[in-house]
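Participant: Handing you this structure, nothing more for now.
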Amino acid sequence: MSNGLGAGFAALTLLGVLGGIAVLATLSTVAAYAWVRRTGRLPGPFRYGFALLGVTGFGVLALYDEAPAAAGLFLLLGLLPQLVAAATLDRWLSVSRPDLVTTTMMAWSAPFLVGVPVTFGAMNALTSLLHVPAAGTSGTSVPWIASAVGGAVVALGTVLLGTRLVHVVRSVTTHRDW
């Protein structure tokens, strides 16, 4: 990626991949919740499946030197809300580290799917309010503010959903019980 168009295309592709992962994690969370409501227990391998879905940090590493605004988007929408939510849930709930990672990942996916449109909506609203042309936003703080707004929505949603999903993770059975 030697130009802005290549970096922008890579950022959109990576956002699409993260959106696909979030959709898969959301559907898996709904299935896990339904499974626990039906049987009272969740098989142990589900814990590791959710933990493997937490791959948002690679977006920041892949785009940092080419497109700092895209890296900031991934940092503020993906990685930081997960870390903030994990720290908050760790403080509020008494769960083990694997349960904390699993709960955070289960709870992050749906708020991420809400936070992405909020980010782009905030960017459109800010460019409209500040009378900044859409092509000229890269030199301003508009993308950073919009990403922070979307990230705050993701972090808050992750914490709220995580406090409700912790009982699903606590119902995980060991492999021999499964």
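The values are calculated or read from the model by the stated rules, or taken from the named source; none is laboratory data. Just so it is clear, the model here is predicted, and its values are computed rather than measured. With ideal geometry, Cβ positions are generated from the backbone for all residues, glycine too; neighbour counts draw on all protein chains shown.
Participant: Considering only residues of the range 28-55 that are under 18 Å from the mean Cα position of the chain (by Cα) and among the small types (Gly, Ala, Ser), which is surrounded by the most Cβ atoms within 10 Å (Cβ to Cβ)? Please lay out each step first, then the result.
Facilitator: Applying the first criterion (under 18 Å from the mean Cα position of the chain (by Cα)) to the range 28-55 yields 28-30, 47-55.
Remaining after also requiring among the small types (Gly, Ala, Ser): 28, 49, 51, 54.
Values: 28: 17, 49: 15, 51: 14, 54: 19.
Of everything passing the filter in the range 28-55, 54 is surrounded by the most Cβ atoms within 10 Å (Cβ to Cβ).
Participant: Still on this model: Which residue, of 101, 84, 169, is in contact with an Asp or Glu (Cβ under 6 Å, 6 or more places away or on another chain), closer than 30 Å to residue 44 by Cα and among the β-branched types (Val, Ile, Thr)? Give the steps one after another, and end with the answer.
Facilitator: Values: 101 fails: in contact with an Asp or Glu (Cβ under 6 Å, 6 or more places away or on another chain); 84 fails: in contact with an Asp or Glu (Cβ under 6 Å, 6 or more places away or on another chain).
Result of the check over 101, 84, 169: 169.
Participant: Here is a follow-up. Where in the range 65-137 are there helices (runs of 4 or more DSSP H), lying fully within it, with 2 or more residues that are hydrophobic (A, V, I, L, M, F, W, C) and modelled with pLDDT of 85 or more? Break it down stepwise before answering.
Facilitator: Working: elements: 68-74, 80-92, 97-129.
By residue number, 80-92, 97-129.
Participant: Ok, one more. Based on this model, can you work out whether residue 104 counts as surrounded by 22 or more Cβ atoms within 10 Å (Cβ to Cβ), within 25 Å of residue 14 (Cβ to Cβ) and among the β-branched types (Val, Ile, Thr)? Reasoning before the result, please.
Facilitator: On the way: surrounded by 22 or more Cβ atoms within 10 Å (Cβ to Cβ): yes; within 25 Å of residue 14 (Cβ to Cβ): yes; among the β-branched types (Val, Ile, Thr): yes.
Yes, satisfied.
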